[in-house]
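Scroll down for the structure; my scribbles are underneath it.
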Amino acid sequence: MESTITRAIVTRYFEKLQQHLSIDVAIVGAGPSGLVAGHDLAAAGLKVAIFERKLAPGGGIWGGGMLFNEIVVQEDALPIVTDFDIRSEPAGEGFFTIDAVEAAAALILGARRAGAVVFNAVSVEDIVFREERVAGVVIQWAPVQQLGMHVDPLMVTSRAVLDGTGHASEIAQLVAQKAGVKLETATGAVMGERPMWIERGEATTVENTRCLYPGFYASGMAANNISGGFRMGPIFGGMFKSGRKVARLILEELDG
Ligand code: 48F
């Protein structure tokens, strides 16, 4: 019995991994924008893997605002909320509240059921770079990275890479610094997030969601940090809309 259970897990995991060594889209970070993008891209028929450093996908959703586990969305994001079968309650002036745990769980399930595979506890520590194009990700077990073990990583190639790593925009930092190329920002570099200004931040999150270098896209807070947008706190409509927008842009490029 013991060996049967071990064999079942090992066989299934390696099937899943082998099927995702060369994919259409590698998404780094399973926050709200990455999960919405993963859902939309997989639903459109692309082969998508989401690499998430933490054990639990969901990024900054679970804790709501300051651990009060409710999040806020604005009316124009409700179609996405409905697509994931998430319940919301009106909070006045065009805002709605959502239980943060329900939102995180529904986004994860929705992305997975659409066909996106999540590799949790896996960190992306570098990019694959080819012919002036971002061409994949370099992956490592998150605990190996955290323990500082001297272990070489493995590589996954992809037609597009999405930085959904949140405030740190880790993948954009790698593209700009290690590949030494100019990003599609006002300075060509990662500009850094500006302070809290909710209305502007929500708008710039979506505006700043774009292709930043051939094969390389950013969504959510990463997009905002890269292009110098304002932060916005526990309101998530911009994150959801950013995920949907980046999926559309990637689809236009890869299908076009
Ligand atoms: O930050 P995060 O939730 O991404 P997001 O889609 O949403 C931002 C909001 O949660 C919130 C906000 C709303 O107003 O401001 O912050 O921009 O999730 C990012 C995920 O990426 C993972 C990280 O653990 C988190 O779950 N991550 C970060 N770097 C890496 C990574 C990496 N190098 N490899 C793998 N996962």
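May I ask you to list the trypsin sites (Lys or Arg not before Pro) in the stretch 153-256 that are in a DSSP loop and have at most 16 other Cβ atoms within 10 Å of their Cβ? Walk me through the intermediate numbers first.
Details: sites: 159, 178, 182, 200, 210, 231, 241, 244, 245, 248; in loops: 178, 182.
Those that pass, being in a loop and sparsely packed, are 178, 182.
Along the charge dipole of the stretch 22-255, Cβ charges K/R +1 and D/E -1, which of 220, 165, 188 sits furthest on the positive end?
188
If the cut-off is 13 Å between C-alpha atoms, which aspartates and glutamates fall inside it for residue 241, apart from same-chain ones fewer than 8 positions away?
Cα-Cα hits under 13 Å: 40, 75, 76, 83, 202, 207.
Keeping all protein chains in position, work out how much accessible area residue 9 exposes to a 1.4 Å probe, and write it in Å² to the nearest 10.
110
What dipole magnitude, in Debye to the nearest 20, does the stretch 1-72 give about its Cα centre under +1 on Lys/Arg Cβ and -1 on Asp/Glu Cβ?
Values: 6 positive and 6 negative charges, 41 e Å.
Charge dipole, the stretch 1-72, about its Cα centre: 200 debye, nearest 20.
Dipole magnitude of the stretch 111-250 about its Cα centre, charges +1 at Lys/Arg Cβ and -1 at Asp/Glu Cβ only, in debye to the nearest 20? If you can, show how the numbers build up before the last one.
Numbers: 15 positive and 12 negative charges, 104 e Å.
In debye, rounded to 20, the stretch 111-250 gives about 500.
What number, rounded to the nearest 500 deg cm²/dmol, is the helix-based mean residue ellipticity at 222 nm of the chain, given -39500 (n - 2.57) per DSSP H run of at least four residues and division by all its residues?
Working: 9 runs with 100 residues, N = 256.
Estimated from H runs of four or more residues: -12000 deg cm²/dmol.
Carbon and sulfur: what percent of the stretch 22-255's accessible surface (1.4 Å probe)? Walk me through the intermediate numbers first.
Values: 5800 of 10360 Å².
Reported share for carbon and sulfur atoms: 56 percent.
With every protein chain present, what is the per residue accessible area of the stretch 24-76 (1.4 Å probe, Å²)? Numbers along the way, then the final one.
Details: 2040 Å² over 53 residues.
Result: 38 Å² per residue.
Grab every C-alpha pair in the stretch 1-61, bin the distances at 5 angstrom width from 0 up to the longest one, and report whole percents.
Reading the bins upward from 0: 4, 18, 19, 20, 18, 11, 7, 3, 0.
At a temperature of 25 °C and a viscosity of 0.890 mPa s, determine how fast the stretch 146-256 diffuses translationally according to Stokes-Einstein, using the Kirkwood radius over alpha-carbon pairs as Rh; express D in µm²/s, rounded to the nearest whole number.
Estimated via Stokes-Einstein, D reaches 170 µm²/s.
Based on the alpha-carbon gyration tensor of the stretch 97-148 and its eigenvalue square roots a ≥ b ≥ c, which shape applies: rounded if a/c is under 1.5, prolate if not and a/b is larger than b/c, or oblate?
Details: a/c = 2.81, a/b = 1.63, b/c = 1.73.
Judged from the Cα gyration tensor, the stretch 97-148 comes out oblate (a/c at least 1.5, b/c at or above a/b).
Using just the C-alpha positions of the stretch 22-255 as equal point scatterers, what log10 of I(q)/I(0) does the Debye formula give at each q in 0.09, 0.12, 0.13, 0.17 1/Å?
Results for the stretch 22-255 at q = 0.09, 0.12, 0.13, 0.17 Å⁻¹ read -0.33, -0.59, -0.69, -1.20.
Quick one: check the C-alpha center-to-center distance for the stretch 7-68 versus the stretch 101-173, whole angstrom.
The two parts, judged by their Cα centres, are 8 Å apart.
Could you give the size of the charge dipole of the chain about its Cα centre, using +1 on the Cβ of each K and R and -1 on the Cβ of each D and E, expressed in debye and rounded to the nearest 20? Display every interim value, and only then the final one.
Numbers: 22 positive and 29 negative charges, 110 e Å.
Approximately 520 debye in magnitude.
With all protein chains present and a 1.4 Å probe, how do 163, 85, 255, 126 order by accessible area, largest first?
Numbers: 163 0, 85 130, 255 105, 126 30 Å².
The ordering from most to least exposed comes out as 85, 255, 126, 163.
Among 140, 66, 45, whose Cα lies farthest out toward the positive end of the dipole of the chain, if unit charges sit on the beta carbon of Lys, Arg (+1) and Asp, Glu (-1)?
Result: 140.
The values are calculated or read from the model by the stated rules, or taken from the named source; none is laboratory data. All values derive from a computational prediction rather than experimental measurement. Note that we place each Cβ from the backbone using ideal geometry, even for glycine, and neighbour counts take in every protein chain shown. SASA here: full protein model, heavy atoms, side chains in, ligands and nucleic acids out. Shrake-Rupley method; radii C 1.70, N 1.55, O 1.52, S 1.80 Å.
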